[in-house]
1. Determine whether F71 is in contact with a Phe, Trp or Tyr (Cβ under 7 Å, 6 or more places away or on another chain), within 30 Å of R15 (Cβ to Cβ), among the aromatic types (F, W, Y) and not in a loop (DSSP other than H, G, I, E, B).
2. Look through the range 74-90, keep the residues that are of a type in the set (G, A, S) and either within 15 Å of the chain's Cα centre (by Cα) or in a strand (DSSP E or B) (or both), and return whichever of them is surrounded by the fewest Cβ atoms within 10 Å (Cβ to Cβ).
3. Identify, from the list L31, L60, L94, the residue that is hydrophobic (A, V, I, L, M, F, W, C), in a loop (DSSP other than H, G, I, E, B) and closer than 25 Å to A5 by Cβ.
4. Answer yes or no as to whether V11 is modelled with pLDDT of 80 or more, surrounded by 10 or more Cβ atoms within 10 Å (Cβ to Cβ) and closer than 28 Å to H74 by Cα.
Amino acid sequence: TDLAAWAHQDVPFDRLVEALNPERSASRHPLFQVMLTVGQSLGSGPELGHLTTEFVVPELRIAKFDLTFGFEEHRTEDGGAAGFDICVEYATDLYDA
């Protein structure tokens with residue numbers, strides 16, 4: 001099942017929802033309620049001549065899903081492990097702080 005999913009990873013999300021045609025409810029997301037993301041820290045921003053750049057992740061202050069766990073991996077200059085930043089977002093109408 002996993003290999004079949006990887007073989008179709010380029011299918012647009014809207015087409016997937018249309019093909020699966022899940023029962024719709026305004027109280028929840030149609031395909032999943034919990035999301036897990038893992039990424040690497042990008043470090044400093046790109047060099048653009050004399051401009052100073054940095055990566056900025058805007059805080060939306062609104063949960064897109066019932067529960068989201070985000071992990072951002074950090075590395076040392078020599079590539080060694082330097083820890084994770086962990087972010088948890090949740091729907092306040094479902095969970096208490």
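The values are calculated or read from the model by the stated rules, or taken from the named source; none is laboratory data. Everything quoted here is computed from the prediction, not taken from an experiment. Here the Cβ is made from the backbone with ideal geometry for all residues, glycine too, and neighbour counts use every protein chain on show.
1. Taking the combined requirement at face value, the residue satisfies it.
2. A81
3. Unique residue meeting the criteria: L31.
4. no
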